[in-house]
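J.: First, the structure itself, so that you have it in front of you.
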Amino acid sequence: MTVTNDTLTAVPGIRVGHHTDLDAATGCTVIICPPGTVGGVDQRGGAPGTRETDLLRPMHQVDQVSAIVLAGGSAYGLAAADGVMRCLEADGIGYKTGLGYLVPIVASAILFDLAVGSATVRPDAAMGAAACRAATPDPVTQGTVGAGTGARVGAMLGNATATKGGLGSASIDLGDGLMVAALVAVNAVGDVIDADGTILAGLRQSPESSAFVGMLNALRTLPRPASPAAASTESSGENTVIGVVATNAALNKEQTNKVAQMAHDGLARAVRPAHTMFDGDTLFALATGTHPANVNLIGAYAAEIVAQAIRNGVRAATSIADVRALRDLNN
């Protein structure tokens, strides 16, 4: 039986692995790149937690990336990348320095999931290595898995009225085998919006309700800060949408960064509002370089696929701890 792959691994050479701790409600996801993959990044949220993002931007020496790590655990979760580096080093994968040393280039972004499950169990080097070893080219498992395990949407008033976020993926064949795909961990402040404008996930009216408040409405109820300094210390939760767009297009570093930038349009279509000061919204872009392509085409479809992946992550999520998933709201 032929298995249809409409996830990130539909891009040939890309492998994805998860490590999931359901008891602690956390985990990490590793995306391993084929040799020669060009990397880019665009970070827009006001509360990022990242590693090696400067290196991926234009005007920096290294233009190829070995792996991307998406993790829970807040800033603690950046430690998962250490295990991925050691795993790749053992496999002989990485950047060769001028003196002949091998250095895997592993970029990472994290999301805040400490308020779900255990706050003291966070993705670490061992989890990162386990996810790296589990990486396969098979269709990516979605939902409450990997970096999406403890993800929430609309957690402004806590878990009881939030909706479960998750890990989602999607892909499209643009013809002649030219692929664009995305994988996103959805942990947003804002509502996740379906293509027809209805709310799929967000702040609910009560713990028992399946009706949504609407985050734009909720934000109007926030107290107005007495000063700019006071505004910087107020919070409506710790959230983030982090993800990866991959293509087999032949793009240089500047073009790959442009794809990451354009991909954020899809985040803004599917999450309302996006890129707030409470979010760490970060999207990486990967170009494996096997098919000639126009960067505008790739960027336009990157936005479409990111929006689809975000919605898929919410639809695939299952309830965990005291956070209810979309599929359980009417039960």
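Coordinate-derived values only; no laboratory data. Note that the structure is a prediction, hence the values are computed from the model and not measured. Every residue, glycine among them, receives a Cβ derived from its backbone with ideal geometry; neighbour counts consider all protein chains shown.
J.: For the range 8-328, with the dipole built from +1 on Lys and Arg beta-carbon atoms and -1 on Asp and Glu ones, taken about the Cα centre, which of VAL213, THR256, THR149 lies farthest toward the positive end?
T.: VAL213
J.: Can you tell me the 0 to 90 degree angle between the C-alpha axis of helix 253-270 and the longest principal axis of the chain, rounded to 10?
T.: Roughly 20 degrees, rounded to the nearest 10.
J.: Quick one: if you stick a label point 7 Å off each Cα along the C-beta vector at HIS60 and LEU222, how many nm between them?
T.: Those two pseudo-labels are separated by 2.9 nm.
J.: Mind sorting MET215, MET156 by how few other Cβ atoms lie within 10 Å of their own Cβ, fewest first?
T.: By the 10 Å Cβ count, ascending: MET156, MET215.
J.: Between ALA134 and LEU157, with labels modelled 7 Å along Cα→Cβ, what's the label distance in nm to one decimal, could you check?
T.: Inter-label distance under the simple model: 3.5 nm.
J.: Any idea what log10 I(q)/I(0) is at q = 0.13 Å⁻¹ for the range 8-328, Debye with uniform C-alpha scatterers and no solvent?
T.: Result of the Debye calculation: -0.84.
J.: If you don't mind, another one. So if I take the centroid of the Cα atoms in the range 1-34 and the same for the range 69-89, what is the distance between those two points in Å?
T.: A separation of 15 Å, based on Cα centres.
J.: In addition: Please name which of LEU167, ILE32, VAL69 has its Cα lying farthest along the dipole of the range 8-328 towards the positive end, using unit charges on Cβ (Lys, Arg +1; Asp, Glu -1) and the Cα centre as origin.
T.: Going by the Cα projections, it comes out as LEU167.
J.: For the chain, just give the cysteines left without a disulfide-compatible partner, judged by no other Cys Cβ under 4.7 Å.
T.: Cys with no partner Cβ under 4.7 Å: CYS28, CYS33.
J.: Could I ask something else about it? Would you give the gap between the C-alpha center of the range 149-217 and the C-alpha center of the range 247-261, rounded to a whole Å?
T.: Using only Cα atoms, the two centres lie 26 Å from each other.
J.: What value, in deg cm²/dmol to 500, does the helix sum -39500 (n - 2.57) over DSSP H runs of n ≥ 4 give at 222 nm once divided by the residues of the chain?
T.: Value at 222 nm, helices only: -6500 deg cm²/dmol.
J.: Also: Excluding residues fewer than 8 places away in the same chain, name every one of the aspartates and glutamates whose C-alpha is closer than 13 Å to that of LYS258.
T.: By straight Cα distance, LYS258 reaches ASP42.
J.: About its Cα centre, what dipole magnitude does the chain give when the only charges are +1 on Lys and Arg Cβ and -1 on Asp and Glu Cβ, stated in debye to the nearest 20? Don't skip to the end; give the middle numbers.
T.: Numbers: 21 positive and 28 negative charges, 59 e Å.
In debye, rounded to 20, the chain gives about 280.
J.: Would you compute the Debye intensity of the range 1-106 from its alpha-carbon atoms alone, equal scatterers and no solvent, and pass along log10 I(q)/I(0) at q = 0.13, 0.24 Å⁻¹ to two decimals?
T.: Treating every Cα as an identical point scatterer, log10 I(q)/I(0) equals -0.55, -1.45.
J.: While we're looking at this one, here's another question. Ranked from highest to lowest mean number of other Cβ atoms within 10 Å per residue, what is the order of the peptides 71-81, 278-288? Write out the running numbers ahead of the final one.
T.: Values: 71-81: 26.4, 278-288: 28.0.
Sorting 71-81, 278-288 by mean packing, highest first, produces 278-288, 71-81.
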